[in-house]
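*Asks:* Please find one structure pasted underneath; my questions will follow.
No lab work stands behind these numbers, since they all come straight from the coordinates. Values in this document were obtained by computation on a predicted structure and should not be read as measured data. Reconstructed Cβ throughout: ideal geometry from the backbone, glycine too, with neighbour counts over all protein chains shown.
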Amino acid sequence: MSLLKLQDFNKLISVGKLSPIYLFVGEESYLVDLCLKKIEKFLGVDDLNKEVFYASEACIEDILSSLKTLPFLNGKKMIVVKAINKIRVIDAEKLTNYLSNILETSCLVLLYSDNLNKETITKRKEFIDKCINSKNCVSIDCRKRHKNEIKEFVKSEFALKGKIVSDDVVLRIIDENGTGLLNISNEIEKLSLFVGKNKKNITQDDLKKIGRYTIEESIYVLSLNLESKNLKESILVLEKLVNMGEEPLVILSVISSSVRRMLNAKSMLEEQRMSSTKVASTLGVNKFYAEVFFSNLKKHDIKSLKKSLRIILEADAVIKTGNNDAASTLEKVALFICK
């Protein structure tokens with residue numbers, strides 16, 4: 001047997017066919033979460049009848065014991081074992097026996113969050129192969145999708161919402177949001193709500209109209225990611241802003257404002273000995289955001305923040321003279337702030 005496609009899994013669930021064991025293979029966590037929610041809904045499990053283990057940390061006897069334990073009241077238990085790609089060889093051998101000695105009162109879900117082709121441990125590879133070939137196990141392909149596959153995903157997601165999109169709209173959504181299905185799914189939801197229930201066809205004009213809102217939202221997210229030193233997300237948001245046509249100097253101004261605010265806050269706290277409440281009030285930090293702001297602020301120091309401002313000033317000159325690619329210049333600024 002081979003790995004099932006997502007649509008095949010959906011068909012099985014829709015007709016009420018539940019497997020005693022599921023194996024999800026791949027790094028696309030959005031697809032895994034989507035499938036897990038469908039299994040949970042089908043089983044009607046609550047916290048009392050659901051247990052989660054990590055293969056690299058859990059004792060295999062505890063997992064097997066949980067599988068044998070009867071569910072609370074009626075229904076079935078759902079046992080989720082994460083990072084099965086890190087399971088110890090001896091544990092894999094013990095779990096192999098369960099493939100042919102299942103218990104109808106439990107549903108075992110195994111998450112292999114990696115590329116199966118990279119597996120180098122022979123015994124672990126044998127266990128995964130036995131899962132895929134077992135009549136008691138349904139194995140689903142949850143790898144990262146290629147661009148052409150994502151195009152089909154976007155169209156099908158819009159179709160579920162009663163919307164029709166052209167290829168140029170689909171490609172622009174992918175270009176602006178990358179290939180992560182979670183980001184794309186959020187954009188589909190946002191765009192569908194924006195055009196309303198009555199409009200069926202989504203056009204480039206709709207993307208342009210929502211673009212302004214998206215830019216404002218992305219600028220806020222950029223500041224938040226820089227403050228938390230999340231380099232990966234900062235770069236993704238920068239690329240998105242540039243692709244949406246926002247001026248590089250405007251983006252740099254936003255980065256500068258964020259750094260200046262952190263520097264002022266740091267100075268008030270450490271040099272002027274002001275309370276965090278007073279600092280938040282002085283700088284106009286929203287009270288709902290204050291806790292996150294001051295938590296992120298601990299990741300920075302005054303010296304590095306001052307140097308960040310010098311880096312920003314240098315970037316300003318580079319962008320204005322056009323001697324370098326503006327996008328790469330902005331990325332270097334983000335790299336310095338986050339690192």
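*Asks:* Post the alpha-carbon centroid distance, the range 259-323 to the range 86-160, in whole angstrom.
*Replies:* 45
*Asks:* Calculate the dipole size of the range 6-141 relative to its Cα centre from +1 charges on Lys and Arg beta carbons and -1 charges on Asp and Glu beta carbons; express the result in debye to the nearest 20.
*Replies:* Approximately 300 debye in magnitude.
*Asks:* Follow-up question, since we're still on this one. Fewest first, what order do Thr120, Thr96 take by the number of other Cβ atoms within 10 Å? Please report the intermediate quantities before stating the final value.
*Replies:* Working: Thr120 6, Thr96 15.
Placing the least packed residue first, the sequence is Thr120, Thr96.
*Asks:* Sort the following peptides by mean Cβ neighbour count (other Cβ atoms within 10 Å, averaged over residues), highest first: 157-165, 169-177.
*Replies:* Numbers: 157-165: 15.4, 169-177: 18.4.
My ranking of the peptides, most packed first, is 169-177, 157-165.
*Asks:* Moving to a separate point now. Determine, for Tyr54, Tyr98, the number of other Cβ atoms within 10 Å of each Cβ, and report the residues in order from fewest to most.
*Replies:* If I rank by nearby Cβ atoms, fewest first, I get Tyr54, Tyr98.
*Asks:* Relative contact order for the range 6-141: what percent, with Cα pairs under 8 Å and sequence separation of 6 or more?
*Replies:* Taking the mean separation of contacting Cα pairs over the length of the range 6-141, I get 38 percent.
*Asks:* Hey, another quick one. At what distance in nm do the modelled label points of Lys5 and Glu314 sit from each other, each positioned 7 Å from its Cα along Cα→Cβ?
*Replies:* Distance between the two pseudo-spin positions: 5.1 nm.
*Asks:* What is the range 209-323 by shape, rounded, prolate or oblate, if you read a ≥ b ≥ c off the alpha carbon gyration tensor as root eigenvalues and call it rounded for a/c under 1.5, prolate for a/b larger than b/c, and oblate otherwise? Intermediate results must be reported in sequence, preceding the final value.
*Replies:* On the way: a/c = 2.27, a/b = 1.45, b/c = 1.57.
The shape class here is oblate.
*Asks:* Same structure again: Can you tell me, using C-alpha contacts under 8 Å and at least 6 residues apart, the relative contact order of the chain as a whole percent?
*Replies:* Once normalised by length, the contact order is 16 percent.
*Asks:* Given Cβ point charges of +1 (Lys, Arg) and -1 (Asp, Glu) and nothing else, what value in debye, to the nearest 20, does the dipole of the chain about its Cα centre take?
*Replies:* Values: 54 positive and 45 negative charges, 61 e Å.
With only Lys, Arg, Asp and Glu charged at Cβ, the dipole is about 300 debye.
*Asks:* Out of Ala317, Ala92, Ala265, any idea which swings most in a Gaussian network model of the chain, alpha carbons joined below 10 Å?
*Replies:* Maximum among the listed residues: Ala317.
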